[in-house]
1. Out of LYS21, LYS7, I need the residue that is among the charged types (D, E, K, R), within 13 Å of the chain's Cα centre (by Cα) and either modelled with pLDDT under 95 or at negative phi (or both). Which one?
2. One residue is enough: does the stretch 25-34 have a residue meeting the conditions touching a Ser or Thr at 6+ places or on another chain (Cβ under 8 Å) and surrounded by fewer than 11 Cβ atoms within 10 Å (Cβ to Cβ)?
Amino acid sequence: MISYDLKKPGQDYTTLIKQIKSLGSSWCHALESTWLVATQKSADQVRGTLKSYMDANDLILVVNVTSDDYSGYLEDEVVKWLRTHM
């Protein structure tokens, strides 16, 4: 799971999002600033890859989600992705 806060107003997310999508075999844009990515990379490797596409004051959280124990109110396509990949 990748979640971020980009602090600079008017920030162009295009390159960052392209990099997120390229991290693994499958991805899902779960919430406004939260992505789920099926990848073999470690959380530290993912953060390291994305760091160069972010400003120094931006924030990022990368978590290796390995359990199918989840709950939430999400769009149907997100729930389908979770059921397929968890």
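The values are calculated or read from the model by the stated rules, or taken from the named source; none is laboratory data. Only a predicted model underlies this, so the values are computations on that prediction, with no experimental measurement involved. All Cβ positions, even for glycine, are placed from backbone atoms using ideal geometry, and neighbour counts span all protein chains on display.
1. LYS21 is the lone residue from the list that is among the charged types (D, E, K, R), within 13 Å of the chain's Cα centre (by Cα) and either modelled with pLDDT under 95 or at negative phi (or both).
2. Yes, the stretch 25-34 contains at least one residue that is touching a Ser or Thr at 6+ places or on another chain (Cβ under 8 Å) and surrounded by fewer than 11 Cβ atoms within 10 Å (Cβ to Cβ).
Yes/no per residue for (1) free of Cβ contacts under 8 Å to residues at least 12 places away in the same chain; (2) surrounded by fewer than 15 Cβ atoms within 10 Å (Cβ to Cβ); (3) assigned to a helix (DSSP H, G or I); (4) among the basic types (Lys, Arg):
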{"site": "SER3", "(1), (2), (3), (4)": "no, no, no, no"}
{"site": "PRO9", "(1), (2), (3), (4)": "yes, yes, no, no"}
{"site": "LEU16", "(1), (2), (3), (4)": "no, no, yes, no"}
{"site": "LEU23", "(1), (2), (3), (4)": "no, no, no, no"}
{"site": "ASP44", "(1), (2), (3), (4)": "no, yes, yes, no"}
{"site": "MET54", "(1), (2), (3), (4)": "no, no, no, no"}
{"site": "SER67", "(1), (2), (3), (4)": "no, yes, no, no"}
{"site": "GLU77", "(1), (2), (3), (4)": "no, yes, yes, no"}
{"site": "ARG83", "(1), (2), (3), (4)": "yes, yes, yes, yes"}
